[in-house]
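The values are calculated or read from the model by the stated rules, or taken from the named source; none is laboratory data. Only a predicted model underlies this, so the values are computations on that prediction, with no experimental measurement involved. No Cβ is skipped: glycine too gets one built from the backbone with ideal geometry, and neighbour counts run over all protein chains shown. Side chains are part of the model used for accessible areas, which takes the heavy atoms of the whole protein and leaves out ligands, DNA and RNA. Shrake-Rupley method; radii C 1.70, N 1.55, O 1.52, S 1.80 Å.
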Amino acid sequence: MPTIEDIKKAKIRIHGLVHETPIFSSSLLNNWLGHEIYFKAECLQKIGAFKARGACNTLAWLVENKERPEHVIANSSGNHSQAVAWAARQFNIPATIYMPAYASKIKIQATQSYGAHVELCKDRNMADALVIAASKEKGAYWIPPYNHHQVIAGQGTAICEAIEQVDNLDAVFAPCGGGGLLSGTLIATHALSPKTQVIGVEPLNANDAAQSLRTNRIQKLSSTPDTLADGAMTMAVGDITFEYLKLLDALYEVEEPKLIYWTQWLTHLLKLHVEPTSAMAMAGVVEWLKHSTSKKRVMVILSGGNIDPSKQNKIWNTDHLDSRPCLEP
């Protein structure tokens, strides 16, 4: 299983290739909630998401170990596709990405713009099947979106930076899709700031992780989930990431209206382009803080900032900014 040493090596390996992203906060939000909330802005990362870390680390690790692939393949509905395409270009390796046809148009276009060949599939199941078949071809290397040791190690570098930037954190919150970001976050936080809780947040409409934890068995969704959080539309967590998700201090499930609410408010307060997938973490923060009896210092990983116009229209169809954030029931 990945360790803190793997994450430390990944941090060195990708230095200079990815950004050390900044920390943001909102004095208004902190005053309203009565706590200190910090935001790790991975929406300002290369390709607009934390996924650049895992993809870049995996390819750098292969090259370092003299296992440079002839061809890179991946399957994803969004940010991982862009990340692998971008990372492959950094190492001059051809890439083919299998994406479901319902994926965000802007993410499809961005993946193509980084030089990858994109194969659009009927759904996520077909994309998964095609990438497995392609992975058996000579010279090909499959970089999964989350269930891979070096991908997890790369994602863990985000919270390593955040803990260096802000100390004495009571809790770290991150969105849960396949669990790669949370797995890396757990490993790094437990090693570097053991008193800090690690909490996940996922859409109620795509709650495969919560179902899996409740039954203690990986549960796969029966159909493509209907959620605006396209970064958390995974059908099931991985066998590697599931073991880390079991160690979470909590996992909150968020309904779509709250997801939209926090996307609007974080965009407004932080003046950042924030994806619904990362904004939903704030709904978990508020639920957690309702039970706090003392002032807390919380870090939220803003996982990405890639939103296409159709999703923007749905997000801003109703104005939620007339109802300011608070901790009241």
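In this simple spin-label model, placing a label point 7 Å from the Cα along the Cα-to-Cβ direction at both E243 and N30 gives a separation of 3.9 nm.
Is there a pair in K46/K246; K258/K295; K122/K271; K40/K107; K9/K290 whose C-alpha atoms are over 32 Å apart, and which pairs would that be? As for pairs spanning more than 32 Å Cα to Cα, those are K122/K271; K9/K290. Projecting the Cα atoms of V131, L266, Q312 onto the charge dipole of the chain, computed from C-beta unit charges around the Cα centre, puts V131 farthest toward the positive end. Residues of segment 114-151 with amide nitrogen under 19 Å from the 7 Å Cα-to-Cβ point of Y102? Within reach of a label on Y102, which here means backbone N under 19 Å from a point 7 Å along Cα→Cβ, segment 114-151 contributes 119-131.
A simple charge model with +1 on the Cβ of Lys and Arg, -1 on the Cβ of Asp and Glu and nothing else charged puts the dipole of segment 52-142 at about 160 debye relative to its Cα centre.
Calculated FRET efficiency, E119 to N313, Cβ-Cβ distance, R0 = 41 Å: about 0.90 to the nearest 0.05. The listed residues M299, M1 rank as M1, M299 when sorted by accessible area, largest first, using a 1.4 Å probe. Counting 0.36 nm for each residue step from H190 to V166 and taking away their Cα separation leaves a gain of 7.1 nm.
Summing charges over neighbours of I108, with a neighbour being any other residue whose Cβ is under 12 Å away from its Cβ, gives -1 when K and R count +1 and D and E count -1. Rolling a 1.4 Å probe over the protein heavy atoms gives segment 52-142 an accessible area of 44 Å² per residue.
With a cut-off of 14 Å between beta carbons, the residues surrounding D239 carry a summed charge of +1, where Lys and Arg count +1 and Asp and Glu -1.
Surface calculation, 1.4 Å probe, protein heavy atoms: C160 sits at approximately 10 Å² accessible. Ordered from largest to smallest accessible area (heavy atoms of protein chains, 1.4 Å probe), the residues K136, K195, K105, K290 come out as K195, K136, K105, K290.
With a ≥ b ≥ c taken as the square roots of the eigenvalues of the C-alpha gyration tensor of the chain, please select rounded if a/c is under 1.5 and otherwise prolate if a/b is larger than b/c or oblate if it is not? Prolate shape, in that a/c is at least 1.5 and a/b is the bigger ratio. Given the options K11, K246, K46, which has the most mean-square fluctuation in a GNM of the chain, springs set between C-alpha atoms less than 10 angstrom apart? Largest GNM mean-square fluctuation: K246.
Accessible surface for V72 stands near 0 Å², nearest 10, in the context of the full protein assembly shown (1.4 Å probe).
Helical runs (DSSP H, four residues minimum) scored at -39500 (n - 2.57) apiece and divided by the length of the chain put the mean residue ellipticity at 222 nm at -13000 deg cm²/dmol.
In terms of accessible area, using a 1.4 Å probe and ignoring ligands and nucleic acids, L28, L259, L321 rank largest first as L28, L321, L259. Heavy-atom accessible area for T293, with the other protein chains in place and a 1.4 Å probe, reaches approximately 140 Å². Site pair R68 and H15 shows an inter-label distance of 2.3 nm when each label is modelled 7 Å from Cα along Cα→Cβ.
Here the chain is treated with +1 on each Lys and Arg Cβ and -1 on each Asp and Glu Cβ, and its dipole about the Cα centre works out to around 460 debye.
Counted by Cβ distance under 12 Å from V166, the other residues give a net charge of -3, where Lys and Arg count +1 and Asp and Glu count -1. The residues of segment 237-311 expose, per residue, 35 Å² of accessible area to a 1.4 Å probe. GNM remark for the chain: springs join alpha carbons under 10 Å apart, and the peak mean-square fluctuation among T111, T234, T224 falls on T224.
For the chain, the share of accessible area belonging to carbon and sulfur comes to 49 percent (1.4 Å probe, ligands and nucleic acids excluded).
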